[in-house]
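What follows is a single structure, written as structure tokens, with notes after it.
The values are calculated or read from the model by the stated rules, or taken from the named source; none is laboratory data. Note that the structure is predicted; figures quoted are calculated from it, not measured. In this analysis, Cβ positions are derived from the backbone assuming ideal geometry, glycine residues included, and neighbour counts consider all displayed protein chains.
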Number of protein chains: 2
Amino acid sequence: MYPYSFINGKIIPFNKAFIQVNDLALLRGYGCFEYFCTYKGLPVLIDDYLKRFENSARELDLPLPYQKNEIVQIVMNLLKKNNITEAGIRFILTGGYSEDAFTVSKPNFIILIEPLKIPEKNVYRKGVKLITLKHQREFSSAKSINYLTAIRNFHVCKKENAYDVLYYFNNHILEVTRSNFFIFKENNLLTPKDDILHGITRKIIIEIASKEFKIEERELPLIELNAATEAFLSGTTKKVLPVVMVDKLKIGNGKVGLNSKHLLKLFENYISKRIQEFQDKYRISH
Amino acid sequence: MYPYSFINGKIIPFNKAFIQVNDLALLRGYGCFEYFCTYKGLPVLIDDYLKRFENSARELDLPLPYQKNEIVQIVMNLLKKNNITEAGIRFILTGGYSEDAFTVSKPNFIILIEPLKIPEKNVYRKGVKLITLKHQREFSSAKSINYLTAIRNFHVCKKENAYDVLYYFNNHILEVTRSNFFIFKENNLLTPKDDILHGITRKIIIEIASKEFKIEERELPLIELNAATEAFLSGTTKKVLPVVMVDKLKIGNGKVGLNSKHLLKLFENYISKRIQEFQDKYRISH
């Protein structure tokens, strides 16, 4: 963790960042969060992530204690104070200190600045394996802090030499632990639509891919994995990460596909443009 | 909250009871807990609750940092230090401080002493209404801190003038938010068996009721509510609390039944015996 954090209005050293033990996040796992990253040291996509954070907070009935533009300013100050290049940024909004260990009160709002961990180049070259698990997250459209099943099953992943877990429910593919999931059937790009967290990277991919591929956002039966020519997962730090195997099923020819490689390039171009826009908007000298 | 708490080996004032913000309970809702109460100021049923706590910790792969007899001693000291009569006792075992906000580390172990809130006599006389909700808890046999659905739906309860929510899944009754559920069909006592938290009060009720009633621990289809002559929920602070209505369905004649009243008396007699045993075991003068 980087040396400075933010809690309830104050930038403080991380090693002094504490909450009292009667917060509903600790007592009841009740809270929501966001996680995104900097590009060239800037929180380039912060507007998109803040919009989703607002939505999660609304779904959990937790009022956000700051306006969006105030939060942008806090993040900018915090990045400067930490004097870092690239970092992960985590917002946490908790159920607050509860008298009866059940009733929601005034939320605690925390911002942590974390070292950025991105997959190595090798992982993109080889692609990854996923294993499937029957599971649907509670309040799946909110980014709640509830990762019970995810963490509990992480060791199964390691045992099976898999990169992550792909959730399904009622025989439909949903999402990966902390990512969204896509398949290509030739030049058609398919991804689940409902009962998932709508990723910001997912949204960008759909936007940029729609110029070159036919997009199908819909229910995705598990059985369609058999017809997939490529697959990948999408996420903040993973961007477009090729999936070459699901359980014992080889996806396509079992190698990283051309469409996925191409999409990764399109995604990186898109981010470059957004960096430029962000620098212009906040008049940051290059 | 009472003035003294326990964290990781130390009894400290509650208003100084903090954890650092990178605990997995806060970041990922990962942890388990127990909640029980004193009788005559003594943690009479602590052995039963500790056994379940150990089980929850095992299911979440969290090592308990103390032996059971050490924990009993800590609780006794903590009750004495707080100088209270009756109280709720909460154990919390968290996923610990995590480097990468995902990997479990050394758990934080917290004990809180809380004011005891028990239902008023009037509630036992009138009985309560429940509303149903389709939901099955993740890792239902562990008492994890995940109460996302419970807290999120609490306002629905209030709106419907209901006491609590009865969960069902695949058309089978499971459990109440923080209680187990029983029905009587004449002199047969029925309660769900699987995919629920096995309550300590539930266990005691089955034990004492089995001398007078036929017990059926099994899958309980929702439709059987129609045939119920009585219903009640069981829990640490609720003991045997009559349920007279579920959604719009009157249970039996819609009034508190004789069997439920009788079971409450049997339960209180049982506790009296256990108090005596506890006093004898720990050589507490009467």
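Computed quantities for the displayed model
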{"item": "Hits in the stretch A:231-286 (condition: among the charged types (D, E, K, R), closer than 13 Å to A:Ile204 by Cβ and free of Cβ contacts under 8 Å to residues at least 40 places away in the same chain)", "result": "A:Lys239, A:Glu268, A:Lys273"}
{"item": "Flag if A:Glu219 is modelled with pLDDT of 95 or more and either surrounded by fewer than 20 Cβ atoms within 10 Å (Cβ to Cβ) or polar (S, T, N, Q) (or both)", "result": "yes"}
{"item": "Residue match in the stretch A:222-231 (condition: surrounded by 20 or more Cβ atoms within 10 Å (Cβ to Cβ), under 20 Å from the mean Cα position of the chain (by Cα) and under 30 Å from A:Phe53 (Cα atoms))", "result": "yes"}
{"item": "The listed residue being modelled with pLDDT of 95 or more, over 15 Å from the mean Cα position of the chain (by Cα) and part of a loop (DSSP other than H, G, I, E, B), out of B:Leu78, B:Leu62", "result": "B:Leu62"}
{"item": "Members of the stretch B:85-104 that are β-branched (Val, Ile, Thr) and out of contact with any strand residue (DSSP E or B) (no Cβ under 6 Å at 6 or more places or on another chain)", "result": "B:Thr85, B:Thr103, B:Val104"}
{"item": "Residue among B:Glu175, B:Glu212, B:Glu216, B:Glu224 that alone is assigned to a strand (DSSP E or B), farther than 26 Å from B:Cys37 by Cα and not assigned by TED's automatic domain parsing to the domain that holds B:Leu50", "result": "B:Glu216"}
{"item": "Residue count for the stretch A:83-136, restricted to those that are under 21 Å from A:Leu50 (Cα atoms) and surrounded by 15 or more Cβ atoms within 10 Å (Cβ to Cβ)", "result": "19"}
{"item": "Residue under evaluation B:Glu99, criteria (1) at pLDDT below 95; (2) under 21 Å from B:Gln276 (Cβ atoms); (3) charged (D, E, K, R), criterion not met", "result": "(2)"}
{"item": "Residue satisfying condition, being in contact with a Gly (Cβ under 8 Å, 6 or more places away or on another chain) and either closer than 14 Å to B:Gly96 by Cβ or acidic (Asp, Glu) (or both), within set B:Asp23, B:Asp47", "result": "B:Asp23"}
{"item": "Residue within the stretch B:120-137 that is closer than 27 Å to B:Leu26 by Cβ and acidic (Asp, Glu) present", "result": "no"}
{"item": "Qualifying residue in the stretch B:113-133 (condition: within 11 Å of another protein chain (Cβ to nearest Cβ) and over 17 Å from B:Tyr35 (Cβ atoms))", "result": "no"}
{"item": "The stretch A:24-69: number of residues that are on the phi > 0 side of the Ramachandran plot and either more than 14 Å from chain B (Cβ to nearest Cβ) or hydroxyl-bearing (Ser, Thr, Tyr) (or both)", "result": "2"}
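Each row is one residue, and each column tells you yes or no for (1) under 18 Å from the mean Cα position of the chain (by Cα); (2) loosely packed, with under 15 Cβ neighbours inside 10 Å; (3) charged (D, E, K, R); (4) outside the structural domain of B:Arg178 (by TED's automatic domain parsing).
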site	(1), (2), (3), (4)
B:Asn15	no, yes, no, yes
B:Ala25	no, no, no, yes
B:Tyr35	yes, no, no, yes
B:Leu42	yes, no, no, yes
B:Leu45	yes, no, no, yes
B:Tyr49	yes, no, no, yes
B:Phe53	yes, no, no, yes
B:Ser56	yes, no, no, yes
B:Tyr66	no, yes, no, yes
